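*Asks:* Below is a structure I'd like to ask you about.
What follows draws every value from the coordinates through simple rules; no lab data is involved. Here the structure is a predicted model, which is why all the values come from computation and not from measurement. In this analysis, Cβ positions are derived from the backbone assuming ideal geometry, glycine residues included, and neighbour counts consider all displayed protein chains.
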2 protein chains.
Amino acid sequence: MEHIRRNERMAALTKLLTSAPNRIFTLSHFCELFGAAKSTLSEDIDLLKGVFTRFQLGQLETVTGAAGGVRYRRAISPEKAHSFVSDLCQQLSTTSRVLPGGFLYLSDILSQHELVTTMGTIIAQQYYDAQPDFVLTMETKGIPVALMTAEAMGLPLVIARRSSKVYEGPAVNINYVSGSAGHIETMSLNRRAVTEGTRALIVDDFLKAGGTAKGMIDLMAEFHVDVIGTAFVMSTAAPQKKQIENDRSLMVMDVDPADPSTLTVRPADWLTQSVKA
Amino acid sequence: MEHIRRNERMAALTKLLTSAPNRIFTLSHFCELFGAAKSTLSEDIDLLKGVFTRFQLGQLETVTGAAGGVRYRRAISPEKAHSFVSDLCQQLSTTSRVLPGGFLYLSDILSQHELVTTMGTIIAQQYYDAQPDFVLTMETKGIPVALMTAEAMGLPLVIARRSSKVYEGPAVNINYVSGSAGHIETMSLNRRAVTEGTRALIVDDFLKAGGTAKGMIDLMAEFHVDVIGTAFVMSTAAPQKKQIENDRSLMVMDVDPADPSTLTVRPADWLTQSVKA
């Protein structure tokens, strides 16, 4: 093989590592690919760590042990996360976005890949330690941010459906009470979608009373799956008492549905506190 | 600023360019970021082009003209695309995946980020020249592959809903005939979701008779939007005559719904021909 220079290796390494976030690559894998010695690759990685830190491109980590190697994680500093969410809040603080029932029109921001990639990164950072096996969302609007959270964590995404009349094959259905409206709804998931004994991270767009989220947790219980966290793009200030606990949202909105001009949207407290800390 | 070495610049450039596919960055932008001369950056980019080609990491292109600069596009060779799709076909050629009505269970593969990223890359490659302004899909199963197609092309994603009863605000609704079933269904899109006079690329999971796709084209006509292409993950061999034209799918399935053991799944002809060519 023609000799590969350090600058070429470092560029290729950057692409390969950042395209597969949170996946551990062994040094041997790269040694073979580039026809280089382990010591050379170690130096490359050390140099890359410096570049990633200096230009705030994410975190490159060396993982020791039998399954060790090098791993890239998307990362965003508390300050940048807070500033990103604050900008979003400002964009969303538009009374014409207030929808009947105290909801907010979010569909446009929830399908922009740059935005959901950053949201997914912020959410992922909160749950690496809890080591989920997959990300679960409920159709429809939360799918893009859930997909990008799953990508950031290197995990599969599982999507629960609103009903089982959707040509999905044998499914587990549960009924749940949509919190705010008080309607009984059905949630459905294909029997082969998840494996018993695994751990789920729930990611969705909107948390109001928590009926849907509670439904997802109950659905996971049917599959004998633990839910290690619940994350949302937006939660509402009222009702303050949700049907679930330990939820984490990026933004909090407060509005009197009868008077859209009362709308306020702000970054969640934990984001604001992480900057002050 | 402390001097930045070529290998550091090349690593950072790789991350910045590949994180924003199909976006044109000016050389001046990078000159400022790295405190380096244009001639130096030009050399960096030339070296990067070689690395990207050598390790098949995608395409780096210099775009000339007033709005010129350098642009990264995800790319996959015809051989690799065909081989990727062939592997998928093999994985899907399982009679237990056949669902009532002649559908195939695809939900598991349609929410894996590695798979939908590659599918999105293959689809995007077919439509750069047609210069769409956004990607349109219909909820639910096509959302991840549509999002990754949009990401590959640097475009926004727009998601049509199955009905307007979804707290989305003022919407345009159309009725359409779900081709195979013959039911009349409603499709809905928020009035502010797209801009008149723009161009849409439709990406969805499944093409059978084409009723839903025809509905999306009609919906776009209501918004005075041209549809420049329609791409699907899977189409069915029957009916051969679809309600839309110029559709492009990755895979074709053929099955007698009454006898799942007749199932075959193969790469679409255009993929096979691109390898032979």
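*Asks:* Which loop trypsin sites (Lys or Arg not before Pro) in the stretch B:95-204, with loop taken from DSSP, have no more than 16 other Cβ atoms within 10 angstrom of their Cβ?
*Replies:* Those that pass, being in a loop and sparsely packed, are B:165, B:191, B:192.
*Asks:* Same structure again: Looking at B:122, B:184, B:202, which one has the Cα that reaches farthest to the positive end of the dipole of the stretch B:103-240 (charges on Cβ: Lys, Arg +1; Asp, Glu -1)?
*Replies:* Sorting the options by dipole projection puts first B:184.
*Asks:* Kirkwood hydrodynamic radius, computed over distinct alpha-carbon pairs, for the stretch B:88-134: how many Å, to one decimal?
*Replies:* Details: mean 1/r = 0.0787 Å⁻¹.
Across the stretch B:88-134, the inverse of the average 1/r is 12.7 Å.
*Asks:* Now a separate question. Averaging sequence separations of C-alpha pairs under 8 Å and six or more residues apart, then dividing by the length of chain A, give the relative contact order as a whole percent.
*Replies:* Values: 480 pairs, mean separation 41.5, N = 277.
Relative contact order comes out at 15 percent.
*Asks:* Please state the shape class of the stretch A:142-277: rounded when a/c is under 1.5, otherwise prolate if a/b exceeds b/c and oblate if not, all from the C-alpha gyration tensor.
*Replies:* Values: a/c = 2.19, a/b = 1.43, b/c = 1.53.
Note, shape of the stretch A:142-277 comes out oblate.
*Asks:* From the P(r) of the stretch B:6-73, could you give the percentage of C-alpha pairs in the tail past 21 Å?
*Replies:* On the way: 295 of 2278 pairs.
Considering the stretch B:6-73, 13 percent of its Cα-Cα pairs are separated by more than 21 Å.
*Asks:* For the protein assembly as shown, evaluate the Debye formula with one uniform point scatterer on each Cα (no solvent term) and list log10 I(q)/I(0) at q = 0.05, 0.12, 0.13 Å⁻¹, rounded to two decimals.
*Replies:* Treating every Cα as an identical point scatterer, log10 I(q)/I(0) equals -0.21, -1.29, -1.50.
*Asks:* Which ordering of A:241, B:38, B:208 is given by a fewest-first count of other beta-carbon atoms within 10 Å? Write down the numbers at each step before the final one.
*Replies:* Numbers: A:241 8, B:38 12, B:208 23.
Going from least to most buried by this count: A:241, B:38, B:208.
*Asks:* How charged is the neighbourhood of residue B:132? Take every other residue with its Cβ under 14 Å from the Cβ of residue B:132, and add Lys/Arg as +1 and Asp/Glu as -1. If you can, show how the numbers build up before the last one.
*Replies:* Values: positive: B:199, B:248; negative: B:129, B:133, B:151, B:226.
Every neighbour counted, the sum reads -2.
*Asks:* What angle do you read, to the nearest 10 degrees and between 0 and 90, between the alpha-carbon axis of helix A:38-54 and the longest principal axis of chain A?
*Replies:* Here the helix axis deviates by roughly 40 degrees.
*Asks:* Under the rule a/c < 1.5 gives rounded, and otherwise a/b versus b/c splits prolate from oblate, where does the stretch A:188-247 land using the Cα gyration tensor?
*Replies:* Values: a/c = 2.32, a/b = 2.24, b/c = 1.03.
In terms of gyration-tensor shape, prolate.
*Asks:* Another question about this same structure. Binning every alpha carbon pair distance of the stretch B:88-214 at 5 Å from zero, what are the percents per bin?
*Replies:* 2, 10, 17, 21, 20, 17, 10, 3, 1
*Asks:* Looking at the P(r) of chain A, how many percent of alpha-carbon pairs lie beyond 32 Å? Don't skip to the answer; put the middle values down first.
*Replies:* Details: 12632 of 38226 pairs.
Percent of Cα pairs beyond 32 Å in chain A: 33.
*Asks:* Please find, in a Gaussian network model of chain A (springs between Cα atoms separated by less than 10 Å), the residue of A:185, A:222, A:43 whose mean-square fluctuation is greatest.
*Replies:* A:43
*Asks:* With a sphere of radius 10 Å drawn around the Cβ of residue B:262, what net charge do the other residues whose Cβ falls strictly inside it have (Lys, Arg +1; Asp, Glu -1)? Spell out each step's value before the answer.
*Replies:* Numbers: positive: none; negative: B:254, B:256, B:259.
Net of charged neighbours comes to -3.
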